[in-house]
Amino acid sequence: MSVERSAFLPREVVERIDALRSRYPTEEALLLPALHLAQNHCGGWLPEEAIEAVAELLHLPAAKVAGVVSFYDMFHEHPVGRHRIRLCTNLSCQLRGAEELLQQLHDQLGVDEGEVTSDGRCSFVQFECLGSCDTAPMAMIDDDYHENLTPARLRRIVEELD
Amino acid sequence: MAFERVLTRNVDRPEALTVRGYREGGGYDALARALRLQPEEVIEEVKKSGLRGRGGAGFPCGLKWSFVPRSTDKPKYIVCNADESEPGTFKDRLLMERDPHQLIEGCIIAGWAVGANTTYIYIRGEYTRAAAVLEEAIRDAYDHGVLGDSVLGSSFRHDVYVHRGAGAYICGEETGLLESLEGKRGQPRVKPPFPAVVGAFGCPTVINNVETLCCVTHILLRGADWFKGIGTDERNTGPKLYAVSGHVERPGTYEHPIGIPFQELLDGCGGMYKGRELKAYIPGGASAAMLTAAERDMPLDFDSLAKAGSMLGSAAVIVMDETTCVVRAALRLARFFAHESCGQCTPCREGTNWMRLILRRIESGRGSEADLDLLAHVVPNVGGISLCALGDAAQGPVKSLIAKFGEEIRDNLRERRYPLPRVPFFDLGAVA
Ligand SMILES: Cc1cc2nc3c(=O)[nH]c(=O)nc-3n(C[C@H](O)[C@H](O)[C@H](O)COP(=O)(O)O)c2cc1C
Ligand code: SF4
Ligand code: FES
């Protein structure tokens with residue numbers, strides 16, 4: 001095991017990936033689970049070293065892993081805020097006020113979509129339907145759904161993020 | 001006789017989250033019954049029920065199962081499609097979060113029927129909570145001998161694993177899903193071969209939607225005749241979940257006999273938001289053609305909607321009231337498809353973006369009637385000749401926009417009314 005890799009992905013992450021091996025007939029199938037675990041460890045995004053570490057661990061070309069990373073909306077190749085806000089603006093949410101929430105997020109955070117606030121606290125993006133249209137408008141913040149939002153409620157929730 | 005809800009019977013019964021509580025409500029009896037039957041008999045029962053897939057395409061479930069080769073040296077797989085990313089759809093999330101064992105039971109029955117010892121539940125990555133609930137339920141199922149080497153004490157082995165996606169609509173398309181499960185970009189495959197013969201890891205695979213597998217459980221318990229007795233006709237059978245959102249008083253997941261007329265469904269949701277007038281509705285998720293207020297008595301089943309030029313799809317019903325700019329609504333969906341096209345096929349990759357650009361020009365007030373003509377010319381070329389149905393899906397809303405609201409749009413264009421005034425949902429002044 002190379003020094004860089006173990007330094008980059010700590011033992012417990014590697015062990016958690018290895019524990020999944022028996023579930024799949026191929027090593028490649030571990031790629032998405034491994035990337036999720038690696039990204040969690042790296043603070044919500046995947047620096048090049050993480051991509052290389054995962055590639056090495058699963059015996060895949062790093063370019064292949066990078067290609068997979070770029071395909072999926074939940075994997076990030078660039079730094080993100082400590083808290084990641086995904087605001088759904090798809091139709092059901094749009095019909096119930098998502099555009100006003102978008103305006104409110106812009107005003108409150110003072111950054112554009114995809115940018116990180118200067119204190120590193122937040123970043124936000126518009127997202128496609130998150131499967132919570134009955135409680136529209138809604139946003140996913142880190143791993144949690146926040147439903148039936150109003151601009152005032154969203155403002156308070158964002159204010160209270162550490 | 002009043003319709004009895006079965007798929008959602010446990011959603012307000014938190015006890016059902018454990019094997020013990022689920023069993024108290026008759027859970028896993030269907031599996032026990034299935035294991036006493038020959039696999040062929042299970043397939044026959046599902047065939048007889050008329051169950052059609054609840055994931056979008058409406059393919060007969062029993063028939064799909066019967067395509068899996070019986071004698072093969074290869075392992076076989078069940079893949080549960082829990083990617084649920086069709087805009088407007090949230091029914092599978094409810095089923096997984098509130099009644100995970102109903103789904104696990106369906107997976108094992110499917111496994112027994114086709115001779116598969118492994119199920120992968122491919123769940124969209126954003127559903128962290130549903131994934132956690134499922135993981136916990138699966139652990140409990142192993143502890144109680146429901147999963148593992150000896151399912152309910154039989155000689156049948158079955159394992160269920162949750163596999164998380166990472167945010168890509170196209171991974172809901174069954175072969176895109178398989179690519180993703182195998183650790184690749186989720187780009188759909190050339191068919192044939194079909195997954196029943198060459199699926200996950202090159203092996204025979206059945207891919208079914210969450211709700212489809214949940215239906216299987218009840219068919220085994222109550223019999224095909226019971227299932228067939230519900231619905232419009234022989235081709236549209238069983239209970240169905242409708243995910244209703246948009247401008248209605250009480251959005252939510254509603255269980256009805258398949259084929260309930262739209263107006264009845266709407267009444268059950270407390271009617272239109274603030275008592276406003278209906279302008280249009282989408283009966284089957286973002287991929288389905290819009291219908292108008294004049295079509296409010298439409299039975300919401302596979303064949304009635306297909307005949308009307310739309311589709312049941314995922315039965316995600318998005319309701320739009322009189323304040324809605326339908327061009328703006330179609331634009332949002334066009335943007336979605338342009339974003340989600342995987343890019344392999346030129347008509348889909350380019351066409352979805354063209355539709356987005358033209359709609360944006362019209363909506364923003366920079367367009368003319370010639371743009372509407374151009375759009376009408378582009379739409380028929382977006383689907384049909386590509387690897388998967390995403391291109392076709394992207395046509396749905398735009399095609400119907402032109403067909404049903406073309407005159408209104410022309411009129412608005414001639415009178416230079418775009419962008420239409422927006423009715424804010426929230427009074428921003430009050431909260432600033
Ligand atoms: C672009 C696209 C997206 C799809 N998304 C989903 C989805 O999120 N969930 C689903 O169950 N089926 C989805 N489908 C349908 C699947 O390809 C497949 O038909 C279905 O999972 C089969 O299961 P069923 O027969 O039980 O419905 C999608 C199809 C296409 C073309
Ligand atoms: S039709 Fe579109 S989404 Fe489907 S494979 Fe082709 S480019 Fe990809
Ligand atoms: S449209 Fe926002 S959650 Fe579905």
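The values are calculated or read from the model by the stated rules, or taken from the named source; none is laboratory data. All values derive from a computational prediction rather than experimental measurement. Neighbour counts run over all protein chains shown; Cβ positions are idealised from the backbone, glycine included.
Within region B:80-116, the set of residues being more than 16 Å from ligand 2 (Cβ to nearest atom), within 12 Å of chain A (Cβ to nearest Cβ) and touching a residue at least 40 places away in the same chain (Cβ under 8 Å) comprises B:Ala82, B:Glu84, B:Gly88, B:Thr89, B:Phe90, B:Lys91, B:Asp92, B:Leu94, B:Leu95, B:Met96. Just one of (1) of a type outside the set (Gly, Ala, Ser); (2) in the same structural domain as B:Leu178 (by TED's automatic domain parsing); (3) over 22 Å from the mean Cα position of the chain (by Cα) fails for B:Pro60. It is (3). Just to be sure before I move on: is B:Gly167 within 16 Å of ligand 3 (Cβ to nearest atom) and within 13 Å of chain A (Cβ to nearest Cβ) in the structure I sent? So B:Gly167 passes the test.
Residue under question is A:Leu95, and the condition is that it be touching a strand residue (DSSP E or B) at 6+ places or on another chain (Cβ under 9 Å), among the aliphatic types (A, V, I, L, M) and assigned by TED's automatic domain parsing to the domain that holds A:Glu147; does it hold? Answer is yes for this residue. Might you let me know whether region A:82-89 holds any residue that is within 10 Å of another protein chain (Cβ to nearest Cβ), of a type in the set (D, E, K, R) and out of contact with any Lys or Arg (no Cβ under 6 Å at 6 or more places or on another chain)? Yes: region A:82-89 contains one or more residues that are within 10 Å of another protein chain (Cβ to nearest Cβ), of a type in the set (D, E, K, R) and out of contact with any Lys or Arg (no Cβ under 6 Å at 6 or more places or on another chain). Scanning region B:314-362 for residues that are within 16 Å of ligand 2 (Cβ to nearest atom) and among the small types (Gly, Ala, Ser) yields B:Ala334, B:Ala338, B:Ser341, B:Gly343, B:Gly351. Of all residues in region B:47-73 being assigned to a loop (DSSP other than H, G, I, E, B) and among the small types (Gly, Ala, Ser), which is farthest from B:Gly202 (Cα to Cα)? If we take residues in region B:47-73 being assigned to a loop (DSSP other than H, G, I, E, B) and among the small types (Gly, Ala, Ser), then B:Gly50 is farthest from B:Gly202 (Cα to Cα). Among residues of region A:21-38 that are at the interface with chain B (Cβ under 8 Å from one of its Cβ atoms) and surrounded by fewer than 19 Cβ atoms within 10 Å (Cβ to Cβ), those with a Cβ under 6 angstrom from a residue that is in a helix (DSSP H, G or I) and at pLDDT 95 or above, sequence gap 6+ or separate chain, pair up as A:Pro25/B:Phe201.
For (1) farther than 19 Å from B:His339 by Cβ; (2) modelled with pLDDT of 95 or more; (3) acidic (Asp, Glu); (4) assigned to a helix (DSSP H, G or I), each residue gets a yes or a no:
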| site | (1), (2), (3), (4) |
| --- | --- |
| A:His59 | yes, yes, no, no |
| A:Arg84 | no, yes, no, no |
| A:Leu130 | no, yes, no, no |
| A:Asp134 | yes, yes, yes, yes |
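Scanning region B:324-363 for residues that are more than 14 Å from every other protein chain (Cβ to nearest Cβ) and farther than 25 Å from B:Thr175 by Cβ yields B:Trp354, B:Leu357, B:Ile358, B:Arg360, B:Arg361, B:Ile362.
Looking across region A:39-50, the residues that are buried (at least 21 other Cβ atoms within 10 Å of the Cβ) and within 14 Å of chain B (Cβ to nearest Cβ) come down to A:Gln39, A:Leu46. For region B:58-106, residues that are within 16 Å of ligand 3 (Cβ to nearest atom) and surrounded by fewer than 19 Cβ atoms within 10 Å (Cβ to Cβ) total 1.
Of the strands (runs of 3 or more DSSP E) entirely within region B:115-221, those holding at least 1 residues that are surrounded by fewer than 19 Cβ atoms within 10 Å (Cβ to Cβ) occupy B:159-164. Assessment of region B:393-411 against the conditions (in contact with a helix residue (DSSP H, G or I) (Cβ under 9 Å, 6 or more places away or on another chain), surrounded by fewer than 24 Cβ atoms within 10 Å (Cβ to Cβ) and not in a helix (DSSP H, G or I)) yields no matching residue.
Being over 19 Å from the mean Cα position of the chain (by Cα) and not in a loop (DSSP other than H, G, I, E, B), is that true of even one residue in region B:234-246? No, the conditions are met nowhere in region B:234-246.
The set of residues in region A:116-138 being within 19 Å of the chain's Cα centre (by Cα), surrounded by 15 or more Cβ atoms within 10 Å (Cβ to Cβ) and more than 16 Å from ligand 1 (Cβ to nearest atom) consists of A:Val116, A:Thr117, A:Cys122, A:Ser123, A:Phe124, A:Val125, A:Gln126, A:Met138. Filtering region B:184-207 to residues that are within 13 Å of B:Ser66 (Cα to Cα) and touching a strand residue (DSSP E or B) at 6+ places or on another chain (Cβ under 7 Å) leaves B:Pro195, B:Ala196, B:Thr205, B:Val206, B:Ile207. The one condition from (1) within 13 Å of chain B (Cβ to nearest Cβ); (2) crowded, with 23+ Cβ neighbours inside 10 Å; (3) among the hydroxyl-bearing types (Ser, Thr, Tyr); (4) not in a helix (DSSP H, G or I) that A:Ser92 does not meet is (4). Please specify each residue of region B:375-388 satisfying the condition of being within 16 Å of B:Ala330 (Cα to Cα) and either more than 16 Å from ligand 2 (Cβ to nearest atom) or hydroxyl-bearing (Ser, Thr, Tyr) (or both). Answer for region B:375-388, where residues must be within 16 Å of B:Ala330 (Cα to Cα) and either more than 16 Å from ligand 2 (Cβ to nearest atom) or hydroxyl-bearing (Ser, Thr, Tyr) (or both): B:Leu375, B:Ala376. Of the residues making up region B:312-355, those that are of a type in the set (Ser, Thr, Tyr) and away from ligand 1 (no atom under 16 Å from the Cβ) number 3.
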